[in-house]
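Worksheet: one structure, shown below.
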Amino acid sequence: MLGGSEAVGVITVTDKRGGEAFTRRDELVLRTLAAAAAVAIVAARSVDAVTRLEYAATIDSLSGLLNRTGFDHRLHQELERTRRESGHLAVLMADVDDFKTINDTRGHQVGDAVLKHVGSVIRSSVRVFDVCARFGGDEFAVVMPNSDRDSAILCAERIRRRLAERTDDNELPASSISIGVAVVA
């Protein structure tokens with residue numbers, strides 16, 4: 001089976017039920033089925049490739065959180081939903097304290113490990129439907145649908161506390177985070 005000039009599969013036909021030879025009509029039917037199967041295989045590969053590219057275009061490879069592009073898209077969606085439903089929407093903006101010092105004194109690999117850890121702490125500190133993102137550099141953001149000021153502040157404090165309490169990896173330097181809270185009502 002050919003998808004353009006690339007072989008995408010093979011169909012093997014060995015015997016007819018009655019044992020007679022394949023006719024020209026049989027060959028035409030098989031070629032038509034093979035062409036349709038090849039188109040389906042190429043289409044499935046294309047959908048898979050698009051899905052992988054969409055994922056790569058919106059996910060920060062270091063933290064596994066949304067990147068700025070993915071964040072902007074989801075923030076816009078949540079703002080529109082909040083307006084339609086006359087609800088609340090909280091946004092947390094966080095910045096790792098003295099991150100430049102970590103990079104300068106311990107190196108970028110350690111800095112990357114700190115960012116990965118911070119992303120993990122943030123993700124594990126919020127609700128499953130909250131939107132977490134690495135906004136850029138050492139900045140992170142969380143969109144919290146249906147959250148008021150008090151619940152957003154509690155969440156920010158939970159993130160700050162969990163990051164400060166971390167003692168599981170002595171290889172990483174202690175780090176803290178500053179978090180701002182904004183609420184749309």
Gyration tensor verdict on the stretch 29-102 (Cα atoms; rounded if a/c is under 1.5, prolate if a/b is larger than b/c, oblate otherwise): oblate
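Under 1.5 on a/c is rounded, so check that first for the stretch 87-185, then, if it is not, pick prolate when a/b is larger than b/c and oblate when it is not; a ≥ b ≥ c are the square roots of the alpha carbon gyration tensor eigenvalues. Provide the component values of the computation, followed by the final result.
Numbers: a/c = 2.43, a/b = 2.03, b/c = 1.20.
Prolate, because a/c is 1.5 or more and a/b exceeds b/c.
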Residue 11/residue 56 FRET efficiency (R0 35 Å; Cβ-Cβ; nearest 0.05): 0.55
Heavy atoms of residue 33 accessible to a 1.4 Å probe, total area in Å² rounded to 10: 100
Protection proxy ranking, peptides 6-16, 132-142, average beta carbon neighbours within 10 Å, highest first: 132-142, 6-16
Separation between Cα centres of the stretch 29-73 and the stretch 113-178, rounded to whole Å: 30
Extended-chain gain in nm, criterion 0.36 nm per residue less alpha-carbon gap, residue 158 and residue 76: 27.0 nm
Pair residue 128, residue 83: separation of 7 Å Cα→Cβ label points (nm): 3.0
Distance between modelled label sites at residue 182 and residue 29, nm, 7 Å Cα→Cβ extension: 6.6
Alpha-carbon Rg with Dmax, taken over the chain, Å: 26.3, 81
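The values are calculated or read from the model by the stated rules, or taken from the named source; none is laboratory data. It should be emphasised that the depicted structure is a prediction, and the values quoted were computed from it without experimental measurement. For neighbour counting, all protein chains shown are included, and Cβ atoms are generated from backbone atoms with ideal geometry for every residue, glycine included. With ligands, DNA and RNA removed, areas are computed over all heavy atoms of the protein, side chains included. Shrake-Rupley method; radii C 1.70, N 1.55, O 1.52, S 1.80 Å.
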